[in-house]
Amino acid sequence: MLLVHHDASAEFHAFFEQHHAELSRLAAMLIGEPDAAADLAADALVAVWHRWDRVRGADHPLAYARGVVANLARTRIRAAVRERRRVSLFWSNRPEVVEAADVASVLDVRSALARLPFRKRACVVLRHALDLSEKDTALALGISVGTVKSQTSKGMAELQKLLGTRAAGELTGGRTR
């Protein structure tokens, strides 16, 4: 029994070493907070470890881990949105100050990605930043390949509006999919 647990532990350790950095990058791109991304990836890997007996026998353990990262990122974003709403309600009696648009921040890819709805952002990040196939992206997000195609296309169109065609092309390395 101890030998079986040791084998599972060694397999998970190898999985962790091989994929932690990628999962951290994915988390950073999804939540837009590089400092919190490593924690989110670690939380995802803890969740994977708790289900490791099932995950290691699955066809695509990495896709499962990516899905956990995406779900935790979605939960974090939703919590942040709820908090911002509570804060804005609290301060709603104060006069609203409107600042001029910060053109430099629009050119920043992270800022532009943060403006996309989560599913579009996740599809664009997985397809273009992590260079996953449509199938792997669909597996990671638990959606169909057709949804990946449409959400990626719509996300890229929105990024082109925000960043301009040239900057959006640089995001994808000049390739279209």
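Remarks
- Every pair of residues 6+ apart whose Cβ atoms lie under 8 Å, when the first sits in segment 107-131 and is under 16 Å from Arg78 (Cβ atoms) while the second is modelled with pLDDT of 90 or more and assigned to a loop (DSSP other than H, G, I, E, B): Arg119/Ile143
- Filter result (modelled with pLDDT of 80 or more and either aromatic (Phe, Trp, Tyr) or open to solvent by 100 Å² or more (accessible area, probe 1.4 Å) (or both)) within segment 77-94: Arg78
- Extreme residue, modelled with the highest pLDDT, among residues of segment 52-63 that are out of contact with any Asp or Glu (no Cβ under 9 Å at 6 or more places or on another chain) and closer than 18 Å to Leu141 by Cα: Pro61
- Pair list, Cβ < 8 Å and 6+ apart or interchain, from segment 61-72 residues that are farther than 16 Å from Val148 by Cα to residues that are part of a helix (DSSP H, G or I) and of a type outside the set (A, V, I, L, M, F, W, C): Leu62/His19; Ala65/His19; Leu72/Asp43
- Just one of the listed residues (Val109, Val103) is at pLDDT below 85 and either in contact with a Gly (Cβ under 7 Å, 6 or more places away or on another chain) or open to solvent by 70 Å² or more (accessible area, probe 1.4 Å) (or both), and it is Val103.
- Scanning segment 29-71 for residues that are open to solvent by 60 Å² or more (accessible area, probe 1.4 Å) and either of a type in the set (Asp, Glu) or touching a Leu at 6+ places or on another chain (Cβ under 6 Å) (or both) yields Glu33, Asp35, Asp39, Asp43, Asp53, Asp59, His60.
- For segment 10-28, the set of residues classified as surrounded by 18 or more Cβ atoms within 10 Å (Cβ to Cβ), free of Cβ contacts under 8 Å to residues at least 40 places away in the same chain and within 20 Å of Pro61 (Cβ to Cβ) consists of Ser24 only.
- Qualifying positions in segment 110-154 - of a type in the set (Gly, Ala, Ser), farther than 17 Å from Ala28 by Cβ and in a helix (DSSP H, G or I): Ala138, Gly146, Ser150, Ser153
The values are calculated or read from the model by the stated rules, or taken from the named source; none is laboratory data. Because the structure is predicted, anything quoted here is derived from the model rather than measured. Neighbour counts run over all protein chains shown; Cβ positions are idealised from the backbone, glycine included. These area figures cover heavy atoms from the full protein model, side chains too; ligands, DNA and RNA do not enter into them. Shrake-Rupley method; radii C 1.70, N 1.55, O 1.52, S 1.80 Å.
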